[in-house]
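I have placed the structure first, in the form of structure tokens, so that the comments after it can refer back to it.
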Amino acid sequence: MIYATTTAEAVPTRFARTTPEGGTIWRTDYFGPTPSQKGSNSVDPNAPNTNEYVEPAPGEVRLPQAFLVEQDPRAIVHPHFHFVDQFQVVVDGEGTIGKRAITPIMAHFASGCTAYGPIIPGAQGLKYFTLRASADDTGAQFLPAARSKMRKDWPKRYVLANPVLPSSPEALRARREPAVDVVLQEPDGLAILMLRIPPGGQLAAPDPATGAGQSMVVAAGSILHRGKVLDRLSALFVTADEPPLTARAGPDGAELLVLQYPKRAAAGA
């Protein structure tokens, strides 16, 4: 199955929360179950999180998630983990994650129960997508309070990829041939690629069966998909049993970031 949401479709879901430091964090939900309830204290590392994560039953397939986070300059996301594999993709602003600087467009991958952070925005704030192939609705598991919940037998993995710059509108319109920039490619399927497509052209993404499905973000221009115009910051998800997505660019060309999930190793592997 393919999930696709335009920026205009997602905007009505945008809402704000206030952090303990007095900063504001906005969240815009694109598709999938809500990652935490709007009324919860999920941005407060001192608030107790009593949500319990339940592993999918054998053969159970959970919906993917995609949501956009905006941190104003005073808003800090403190160190935490989640129970599922995820990508985060910086699309605007700048800041740091841990001790590493982050700028557009940079993606990081964190496997389930792998801690990361803090995420600290720069003077202009920070905007990034959180993308998951399998939903987690338990919210952030802040450390050190949630350390006892961390599954010790799950393989830990964290990768911060090199930045990949989108083209200017002029360069995108002038492109004549499609191209693929490979940012990251690992044997177990973990991959990050940028598809660069000339105006009116098309280009097939990799086969999602080589991994555990693919999240995608329109980084520049637009693509045409099943009657929709997916403009910049539209989001998609392609399940692993789908054929490779053929991305068709709009009249000004398109650049599509493809983030492929690794095939998950067994616990304790």
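We did not get these values from a lab; they are worked out from the coordinates using the rules stated. Since the model is a prediction, treat every value here as computed from it, not as a measurement. Note that each Cβ is placed from the backbone with ideal geometry, even for glycine, and that neighbours are counted across all protein chains shown.
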Estimated [θ] at 222 nm from DSSP helical runs (n ≥ 4, -39500 (n - 2.57)) normalised by residues in the chain, nearest 500: -500 deg cm²/dmol
The stretch 141-203 - Rg over Rh from alpha carbon coordinates, Kirkwood radius: 1.23
Links that overshoot a 25 Å alpha carbon limit, given the list K38/K127; K127/K263; K38/K156; K127/K149; K38/K263; K38/K149: K127/K263; K38/K156; K127/K149; K38/K263
Per-residue Cβ neighbour rank within 10 angstrom, fewest leading, R100, R27: R100, R27
Neighbour-count order for R132, R62, R264, fewest beta carbons within 10 angstrom listed first: R62, R264, R132
J(HN,Hα) series, the stretch 227-235, from Karplus relation 6.51 cos²θ - 1.76 cosθ + 1.60, nearest Hz, glycine and proline x: x, 9, 9, 8, 8, 3, 6, 6, 10
Cβ-based net charge around Q71, under 13 Å, with every Lys or Arg adding one and every Asp or Glu removing one: -1
Dimensionless Rg ratio for the stretch 196-235, taking C-alpha atoms and the 2.2 N^0.38 Å reference: 1.25
Radius of gyration and maximum dimension Dmax of the stretch 169-260, Cα, Å: 12.4, 37
Charge tally in the Cβ shell below 13 Å around V90, where Lys, Arg are +1 and Asp, Glu are -1, V90 excluded: -1
For the stretch 1-149, diffusion coefficient by Stokes-Einstein and Kirkwood Rh (Cα), 25 °C, 0.890 mPa s, µm²/s: 156 µm²/s
Convex hull volume of the stretch 121-165 per residue (C-alpha atoms, cubic angstrom): 161 Å³
Alpha carbon centroid spacing (whole Å) that separates the stretch 216-239 from the stretch 1-62: 21 Å
Residue-wise HN-Hα coupling along the stretch 91-98, computed from phi with Karplus coefficients 6.51, -1.76, 1.60 (Hz; x: Gly, Pro): 10, 8, x, 7, x, 9, 10, x
Ranked by how many other beta carbons lie within 10 Å on average, peptides 8-17, 86-95 from highest: 86-95, 8-17
Hull volume in cubic angstrom per residue (convex hull over the Cα atoms of the chain): 123 Å³
